[in-house]
Amino acid sequence: LLIGAYRDNEVNTTHPFMLTLDKLGELGVTFEQITLAPLQENQINQLIADTLQAQPESVIPLAKLLVNKTAGNPFFVNQFLQTLHSENLLRFKAPENGHQAQWHWDISEIEAVGITDNVVELMVRKLKKLPATTQKVLQLAACVGNYFNLTTLSIVYEKSLTDTFRDLLSAIQEGFVLPTSELKTNDQEIIESQLVIINFKFLHDRVQQAAYGLINQEDKTKVHLRIGRLLRSNLSETECLERVFELVNHLNVAQDAIADPTERTDLAQLNLEAGKKAKENIAYGAAKDYFKLGIRYLGDNAWETHYSVTYGLHKELAETEQLDSNFEQADKLINFLLSRVESVLDKADIYWLSIRHQTMISQADRAIEIGKQALGLLGLDWPEPDQLKTLSRYLESARQQIIHKTQGQAISVLLNEPEVKDLTQKRIIKLIDLLLIPCYITKQNKFYFWWLACKVVELSCQYGMLAESAYGFQAYGMLVGTELGDYKFGYDVGWLGFNLSKRFKQLDKVAEACYVFGNNLFPWVNPLNKSEQILDEGLQAALASGNAMFVGYILIYKLFNPFYWGKNLEKILEELPEYLRLVQKTHNRLAEDSILALKLG
C-alpha cells in the first residue's frame with residue numbers, strides 16, 4: 001500500500017506527477033484519488049463524541065462552536081480542543097453522588113473567555129505560556145525556517161548545543177516542535193555526557209508563524225541581520241553557497257541597515273548565487289528579486305568598480321525575464337548589456353541571449369542575422385549562399401572528422417571524448433546550437449542549417465564535446481539519412497547526439513535531444529508509437545529546466561504523432577486544451593499556431 005498527498009491546485013496535466021498517474025492508469029494499475037475538504041459539523045461532532053466518550057447528541061453545541069471558530073480546519077480543530085483542555089474549559093469530572101465520571105464544559109463560559117477564531121493568534125496564546133528562554137529560542141528557530149537543525153540554532157542563539165537543546169525542550173514536550181532525526185551525541189558529550197536531537201520541524205507552519213509573531217515588529221530587522229551575520233561569519237564559503245537562500249533571506253530583510261560597501265558587495269555576489277539557484281529551480285519570480293536586489297546593493301558606479309558581479313547580475317536578470325516570457329523587459333536588458341559589456345566573449349554571450357529571444361518570439365530571420373554577427377565576432381564567417389548549394393564537401397569533411405576520431409571503432413566511443421576547453425570554440429558551438437532552430441524553420445535558410453550541423457561535428461571532433469554538440473550531431477545524422485540515404489550511419493550519429501545530451505546531464509539539452517531523436521531519427525528503425533516514451537522524457541526535462549521553447553515543440557508532436565499512427569481522435573482532442581493553455585502561457589507562438597491548426601483540422 002502506497003499513500004501520497006499533493007496540493008491539487010499546484011499541479012496540471014503536464015506535471016511529472018500527473019504524467020506518472022496517467023502512465024500507471026494505462027498500465028492497468030488501480031489507484032484511488034480522494035479530494036480532502038474541511039471537516040463538516042457531523043464529522044467534528046463524531047470526533048468530539050469519540051474523544052470524550054460521550055453521546056453524539058450531547059456534544060452538538062460544542063461541535064457547532066468549533067465549526068464557527070475553525071471553519072473545519074483539522075489542525076485548528078485539534079488545537080482548539082487542546083486549548084479548551086489546557087485552560088480548564090474542558091475538564092474531567094470524577095464520579096460523585098452516584099454520577100458517572102464525565103467530561104464537562106460550559107458553552108457560555110467558553111464564549112466569555114473569547115478564544116480567538118484565528119489559528120495564529122490561538123498559537124501565540126499557547127506559546128506565551130512557555131518559559132521565557134523557550135520563547136526566545138523558538139523565535140530564532142522561526143526565523144531559521146519550518147525545518148531547522150540544532151547546529152544552526154545554536155549559532156544564532158549564541159549558546160552551546162546542549163544549552164540550546166535544554167531551552168528548546170519545553171517546546172518539544174508540548175508538541176510545538178517535532179524531532180525529525182534520532183538521538184545523536186554532540187561534540188560536548190565527553191565533557192557533559194549529553195544526548196541531543198539535531199534536526200527538528202515545527203508542528204505546523206501556523207506554529208512557526210505564531211513563534212515569529214512573538215518578535216516585536218521593530219526588532220525583526222535587527223534579529224534577521226544578526227542571524228545573517230552570524231551565519232556568514234560561522235559558515236565556510238562552501239557552506240554559504242549550499243545554504244545561500246537561508247543566508248541572503250536574513251540579510252535581505254535588513255538591506256537598508258547595511259551600509260558597509262564591502263558587505264554590500266559581498267551581498268550582491270550572494271544574491272547572484274541565490275538567483276542562479278532559484279532560476280535553476282524555475283522559481284523565476286524569486287530569481288528576479290535576488291538579481292534586482294544584488295544590483296541595488298552595488299550602487300551607481302558598479303560597472304566601473306565591480307564589473308564581473310555587475311555583468312553577472314544583469315545578464316542573469318535578462319535571461320530570467322526571457323525564461324519568464326517577459327520579452328519586452330528582456331529585450332531592454334539585452335540591448336543595455338550590449339552597450340556595456342567589455343570583452344568579446346561577454347558580448348558573444350549576450351548575442352546568444354538575443355538569438356534565443358528572437359527565436360522565442362518567432363523572429364527567425366532576425367535571430368539568424370544576429371547569429372551571423374556573433375559568429376563573425378568570434379572569427380567564423382558564414383559562407384555565401386551559392387557556396388552552400390553543393391553540400392557534399394561539408395558532409396564529407398564532417399564524415400572524415402568522425403572516421404579520424406573513431407579510428408575504425410564504433411561511433412559510440414566519441415561519447416567519452418573530453419569536454420571543450422577553448423573558450424572561443426565553446427561559445428561558437430553554443431551559438432551554432434542555438435542557430436540550428438531558426439535556420440531549420442525558415443526554408444530560405446535550410447542550407448545554413450545543414451552547414452551549421454556539419455560545422456558542429458567538425459568543431460566537436462577537433463576541440464571536444466559539449467551538451468550543445470548533441471543537436472549538431474543529430475542534425476548531421478538527419479542529413480546523412482535523408483540526403484545521402486545512409487540511414488544506418490545517420491541513425492548512429494543521431495544516437496550519439498542523443499546520448500551526449502544525457503552525458504552532460506543538462507536538462508534543457510536532454511529535452512532538445514529527445515525532441516529531435518524521437519521525431520526525426522528513432523522512427524527510421526522503430527515503430528512511430530514507440531517514440532512517445534522519448535517525447536515524454538523530453539517533456540519532463542523541458543518542464544524541469546524551464547525550456548519553454550521545447551515544451552511547445554514537444555507538445556506539438558505529442559498531438560501530431562498519435563494522429564499519424566492512428567490513435568483515437570477523441571483521445572487526442574482530450575489533451576489538446578491543456579497543451580494549448582500551456583503554450584499560450586509561455587507565449588510560444590509557433591507551438592500555439594500548430595496546435596490550433598490541428599484543432600481546426
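The values are calculated or read from the model by the stated rules, or taken from the named source; none is laboratory data. Everything numeric here is computed off the predicted structure, so don't read it as measured data. Reconstructed Cβ throughout: ideal geometry from the backbone, glycine too, with neighbour counts over all protein chains shown.
Overview of values
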| read-out | value |
| --- | --- |
| Filtered residues of the stretch 256-287 (kept if crowded, with 17+ Cβ neighbours inside 10 Å and polar (S, T, N, Q)) | 265, 269, 271 |
| Inter-residue pairs, beta-carbon under 6 Å, first crowded, with 21+ Cβ neighbours inside 10 Å and in the stretch 540-556, second in a helix (DSSP H, G or I) and charged (D, E, K, R), 6+ apart | 547/508; 550/512 |
| Among the residues listed as 574, 532, 570, the single one being surrounded by fewer than 24 Cβ atoms within 10 Å (Cβ to Cβ), modelled with pLDDT of 90 or more and among the charged types (D, E, K, R) | 532 |
| Qualifying residue in the stretch 72-85 (condition: touching a residue at least 12 places away in the same chain (Cβ under 8 Å), surrounded by fewer than 14 Cβ atoms within 10 Å (Cβ to Cβ) and out of contact with any helix residue (DSSP H, G or I) (no Cβ under 7 Å at 6 or more places or on another chain)) | no |
| Sole residue being under 28 Å from the mean Cα position of the chain (by Cα), more than 23 Å from residue 591 (Cα to Cα) and at pLDDT 95 or above, chosen from 505, 426, 421 | 426 |
| Selected residue (only one of 28, 4 is modelled with pLDDT of 75 or more and within 25 Å of residue 540 (Cα to Cα)) | 4 |
| Single condition residue 346 does not satisfy, out of (1) over 26 Å from the mean Cα position of the chain (by Cα); (2) under 26 Å from residue 552 (Cα atoms) | (2) |
| The stretch 242-263: number of residues that are within 19 Å of residue 312 (Cβ to Cβ), within 27 Å of the chain's Cα centre (by Cα) and free of Cβ contacts under 8 Å to residues at least 40 places away in the same chain | 4 |
| Selection status of residue 35, of a type in the set (S, T, N, Q), more than 30 Å from residue 228 (Cα to Cα) and in contact with a Leu (Cβ under 9 Å, 6 or more places away or on another chain) | no |
| Scope the stretch 162-202; condition at pLDDT below 90, hydrophobic (A, V, I, L, M, F, W, C) and either under 25 Å from residue 229 (Cβ atoms) or in contact with a Leu (Cβ under 8 Å, 6 or more places away or on another chain) (or both); matching residues | 183, 195, 196, 197, 198 |
| Number of the exception - residue 320 against (1) under 26 Å from residue 380 (Cβ atoms); (2) buried (at least 20 other Cβ atoms within 10 Å of the Cβ) | (1) |
| Positions within the stretch 306-338 being among the hydroxyl-bearing types (Ser, Thr, Tyr) and modelled with pLDDT under 95, in sequence order | 325 |
| Where a residue in the stretch 157-175 is more than 20 Å from residue 204 (Cα to Cα) and its partner, wherever it lies, is of a type in the set (Val, Ile, Thr) and in a loop (DSSP other than H, G, I, E, B), with Cβ under 9 Å and at least six apart | 161/198 |
| Selection from the stretch 46-71 of residues that are part of a helix (DSSP H, G or I), in contact (Cβ under 8 Å) with a residue 40 or more places away in the chain and over 38 Å from the mean Cα position of the chain (by Cα) | 52, 61, 62, 65, 68 |
| Residue within the stretch 115-127 that is modelled with pLDDT of 90 or more and surrounded by 13 or more Cβ atoms within 10 Å (Cβ to Cβ) present | yes |
| Selection within the stretch 502-543 - among the aliphatic types (A, V, I, L, M) and not in a helix (DSSP H, G or I) | 525 |
| Filter result (basic (Lys, Arg) and either modelled with pLDDT of 95 or more or within 34 Å of the chain's Cα centre (by Cα) (or both)) within the stretch 483-502 | 502 |
| Some residue of the stretch 303-313 being of a type in the set (S, T, N, Q), within 30 Å of residue 361 (Cα to Cα), in a helix (DSSP H, G or I) and in contact with a helix residue (DSSP H, G or I) (Cβ under 8 Å, 6 or more places away or on another chain) | yes |
| Residue match in the stretch 451-471 (condition: outside any helix (DSSP H, G or I), polar (S, T, N, Q) and over 28 Å from the mean Cα position of the chain (by Cα)) | no |
| Helices (runs of 4 or more DSSP H) contained entirely in the stretch 194-289, each with at least 1 residues that are within 29 Å of residue 325 (Cα to Cα) | 237-242, 244-253, 261-280 |
| Looking only at the stretch 557-601, and only at residues there that are touching a residue at least 24 places away in the same chain (Cβ under 8 Å) and of a type in the set (Gly, Ala, Ser), the one that is farthest from residue 321 (Cα to Cα) | 594 |
